[in-house]
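Asks: This is the structure I have questions about; it appears just below.
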Amino acid sequence: MHQLADSSVFWVAAIVALAVLYLLPTLIGLIRGVDKLALVFLVNLIGAPLLIGWPAALILAFGPRQHPPLPGGARTGIPRGPRCRGRVRATGGSGTDGGRRGYSH
């Protein structure tokens with residue numbers, strides 16, 4: 001046992017293991033892609049020594065995830081149908097709309 005305590009490899013491994021355990025909520029949030037990862041990190045960093053922040057950061061780490069980007073670079077989730085692809089143009093009052101002025105697609 002005395003040889004193990006004198007081993008520098010043991011102490012490096014122990015410090016790395018404790019650091020990973022200390023930052024476990026942040027690592028879980030990073031892997032899960034959690035929303036507000038900075039909040040998880042700050043609660044973990046500041047609150048863990050107070051013994052209430054580590055469980056709170058762990059709860060935050062399992063919180064809502066970030067939404068993946070929409071395909072095609074769209075900014076809204078509203079799909080554009082085939083009828084709304086082009087410009088909207090005004091009708092001139094003649095045609096199939098019965099003389100009413102309006103807009104058609």
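Asks: For residues that are among the charged types (D, E, K, R) and surrounded by fewer than 16 Cβ atoms within 10 Å (Cβ to Cβ), scanning just the stretch 1-51, find the one that is nearest to residue 62 (Cα to Cα).
Replies: Restricting to residues being among the charged types (D, E, K, R) and surrounded by fewer than 16 Cβ atoms within 10 Å (Cβ to Cβ), the top hit is 35.
Asks: Can you pull out every residue in the stretch 44-60 that is part of a helix (DSSP H, G or I) and farther than 17 Å from residue 19 by Cβ? It would help to see each step written out before you state the result.
Replies: In the first step, residues of the stretch 44-60 are kept if they are part of a helix (DSSP H, G or I); the result is 44-50, 53-60.
Hits for the stretch 44-60 are 50, 55, 56, 59, 60.
Asks: Related question: Would you check if residue 64 is without any contact (Cβ under 8 Å) to a residue 12 or more places away in the chain and at negative phi? Give the steps one after another, and end with the answer.
Replies: Details: without any contact (Cβ under 8 Å) to a residue 12 or more places away in the chain: no; at negative phi: yes.
Against the criterion (without any contact (Cβ under 8 Å) to a residue 12 or more places away in the chain and at negative phi), residue 64 does not qualify.
Asks: Read through the list (1) within 31 Å of the chain's Cα centre (by Cα); (2) modelled with pLDDT under 95; (3) among the small types (Gly, Ala, Ser), then give the number of the only condition that residue 17 fails.
Replies: In the conditions (1) within 31 Å of the chain's Cα centre (by Cα); (2) modelled with pLDDT under 95; (3) among the small types (Gly, Ala, Ser), residue 17 misses (2) alone.
The values are calculated or read from the model by the stated rules, or taken from the named source; none is laboratory data. Please read all numbers here as calculations on a predicted model, not as lab measurements. Ideal geometry is used to build each Cβ from the backbone, glycine not excepted, and the neighbour counts take in all protein chains shown.
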